[in-house]
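Notes follow the structure.
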Amino acid sequence: MRKVKSFSKAFVCLIFIFIIGFFLVNLIMKIIVGHGNEVLVPNLVNTDYNVAIKICEDHKLYLQQIEVVNNDEFEKGRVISQNPHPNIKTKKFRTVEVVISNGPEMVRIPFLYNLNVIEAKLKLENAGLNLGKKIYRYSDDVEEGMVVYSQPVADELIAKRSAVDVIVSLGKYSSNTSSNSKWKNLLNDDE
């Protein structure tokens, strides 16, 4: 019985020493290995991608582009977001993942020739654009009240949600004053 008691005391002592030793070794290894091996993650948001690469190299970090998305707020080639977040400590040679802006989404201006203003507005909205100013001009070729052309012109690429001005025909020029007074009222219309 005495041998069993001494054996169990020795066994409990060994387990206790093992647990303390395990935690001490881990603590000592963290101090030895971790010391001087951490860096502060730089803020790369709104930085050009090529500049961000250099900044990461200076901080002994790697940079990886994980996605390119259209964004109205950031110019093409700029960092939109990053992981890990800026101003936290991380290990040297860790990879910082970034999302890069492809600039605003571009859409093609539709042909608006010979449409009335309401039809032109609908066609612009379907393309992801907005109707801008209505500018009235005389035209020998297009009926009055119909769109002659747009500014910028049709088939150009512009940023989505941009305004497109339309040139609206006043019809053929005539020196009739009653006709001209009719169009003076139309010029003040904000349809």
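Let me have the relative contact order for the stretch 106-187, percent, based on Cα pairs under 8 Å that are six or more residues apart.
On the way: 164 pairs, mean separation 30.1, N = 82.
About 37 percent, as a whole number.
Tilt of helix 2-34 relative to the longest C-alpha principal axis of the chain, in degrees (0 to 90, nearest 10)?
The angle comes out at about 40 degrees.
Add +1 for every Lys or Arg and -1 for every Asp or Glu among the other residues with Cβ under 13 Å from the Cβ of LYS172, and state the total. Before the final figure, lay out each step's value.
Numbers: positive: ARG137; negative: ASP140, ASP141, GLU143, GLU144.
That works out to -3.
Angle between the Cα long axis of helix 117-126 and the longest principal axis of the chain, 0 to 90 degrees, nearest 10?
20
How far is helix 177-187 tilted off the main Cα axis of the chain, in degrees rounded to 10, range 0 to 90?
In the chain, helix 177-187 runs at an angle near 10 degrees to the longest axis.
Mind giving me the nanometre distance, one decimal, between the label points for LYS172 and GLU67, set 7 Å out from Cα along Cα→Cβ?
Result: 5.9 nm between the two label points.
Order by neighbour count: MET146, MET29, fewest other Cβ atoms within 10 Å first, most last.
Working: MET146 20, MET29 10.
So the ranking, lowest neighbour count to highest, is MET29, MET146.
Amide H of VAL68: which non-local residues (sequence gap of 5 or more, or other chain) have their own amide H closer than 5 Å, using H built in the peptide plane?
ILE100
Can you check what the net charge comes to around LYS9, using other residues whose Cβ is under 14 Å from the Cβ of LYS9 (Lys, Arg +1; Asp, Glu -1)?
Numbers: positive: ARG2, LYS3, LYS5; negative: none.
Once positives and negatives cancel, what remains is +3.
Would you mind getting me the FRET efficiency between LYS91 and ILE20? Use the beta-carbon distance for r and R0 = 22 Å, nearest 0.05.
Details: r = 28 Å, r/R0 = 1.25.
E(calc), rounded to 0.05, equals 0.20.
Could you identify which residue out of VAL12, VAL51, VAL99 has the top mean-square fluctuation in a GNM of the chain using Cα springs shorter than 10 Å?
Among VAL12, VAL51, VAL99, the largest GNM mean-square fluctuation belongs to VAL12.
Pull up all non-local amide H partners of GLY132: gap of 5 or more, or a different chain, and H-to-H distance under 5 Å with H placed in the peptide plane.
Close amide H contacts, sequence-distant or interchain: VAL164, ASP165, VAL166.
Could you pull out every one of the lysines with an alpha carbon less than 25 Å from that of LYS123, ignoring same-chain neighbours closer than 8 positions?
By straight Cα distance, LYS123 reaches LYS133, LYS134, LYS160.
Return a whole-number percent for the relative contact order of the chain, with Cα pairs under 8 Å and 6 or more residues apart as the contact set.
Values: 322 pairs, mean separation 30.8, N = 191.
Relative contact order comes out at 16 percent.
Across the stretch 68-83, in residue order, what do the Karplus-derived ³J(HN,Hα) couplings come to in whole Hz, using 6.51 cos²θ - 1.76 cosθ + 1.60 with θ = phi - 60° and x for Gly and Pro?
For the stretch 68-83, the Karplus-derived couplings read 10, 10, 6, 8, 6, 8, 10, 5, 4, x, 9, 6, 8, 8, 9, 9 Hz, x marking Gly and Pro.
Over the chain, how many percent of alpha carbon pairs lie in each 5 Å bin up to the one with the longest distance?
All Cα pairs, binned at 5 Å, distribute as 1, 7, 10, 9, 7, 6, 6, 6, 6, 6, 5, 5, 4, 4, 3, 2, 2, 2, 2, 2, 1, 1, 1, 0, 0, 0 percent.
Calculated from DSSP H runs of 4 or more alone, at -39500 (n - 2.57) each and per residue, what is the 222 nm mean residue ellipticity of the chain, nearest 500?
Details: 4 runs with 64 residues, N = 191.
Rounded to the nearest 500, it is -11000 deg cm²/dmol.
No solvent, one uniform scatterer per C-alpha: report log10 I(q)/I(0) for the stretch 106-187 via the Debye equation at q = 0.11, 0.13, 0.14, 0.26 1/Å, two decimals.
Each listed q corresponds, in turn, to -0.30, -0.40, -0.46, -1.17.
In vacuo Debye scattering of the stretch 56-100, one point per C-alpha: log10 I(q)/I(0) at q = 0.22, 0.26, 0.31 Å⁻¹?
Per q value, in the given order, log10 I(q)/I(0) is -0.75, -0.94, -1.14.
The numbers here are math on the coordinates, done by the rules we state, and not lab data. Here the structure is a predicted model, which is why all the values come from computation and not from measurement. In this analysis, Cβ positions are derived from the backbone assuming ideal geometry, glycine residues included, and neighbour counts consider all displayed protein chains.
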